Amino acid sequence: IIDLGTTTTDRYVSPIQGEAGGLTAEQSAQIEGGMWGVNIHTEANPAGEIRGQVMVKDAEPMAPAAPAP
């Protein structure tokens, strides 16, 4: 559902970032509620080698308001 790139061409850095388009309202609510995670499986560790939490990137902060005169 969320594209994290390919294992053969991308170099991952922490945090790994991806984009999810076309999510249902329920899926969006689940992500925002911290209910989604990632579990990466490899041949060496078929039960799961790396786990991580999916988080919503914060919106860009707004510039501070000008002080009142």
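What follows is calculated from the coordinates using simple rules that are stated; it is not laboratory data. Note that this is a predicted model, so its numbers are computed, not measured. Note that each Cβ is placed from the backbone with ideal geometry, even for glycine, and that neighbours are counted across all protein chains shown.
Work out how much length ASN45 to ALA29 would gain on full extension: take 0.36 nm times their residue separation and subtract the Cα-Cα distance, in nm to one decimal. Display every interim value, and only then the final one.
Details: separation 16, 0.36 × 16 = 5.76 nm, distance 3.10 nm.
Stretched out fully, the ASN45 to ALA29 stretch lengthens by 2.7 nm.
Provide the net charge surrounding GLY34, with neighbours chosen by a C-beta distance below 15 Å and charges set as Lys +1, Arg +1, Asp -1, Glu -1.
On the way: positive: ARG51, LYS57; negative: GLU26, GLU32, ASP58.
The answer is -1.
May I ask you to evaluate 6.51 cos²θ - 1.76 cosθ + 1.60, the Karplus curve with θ = phi - 60°, for each residue of the range 17-24 and list the ³J(HN,Hα) values in order in whole Hz, giving x for glycine and proline?
10, x, 10, 10, x, x, 6, 6
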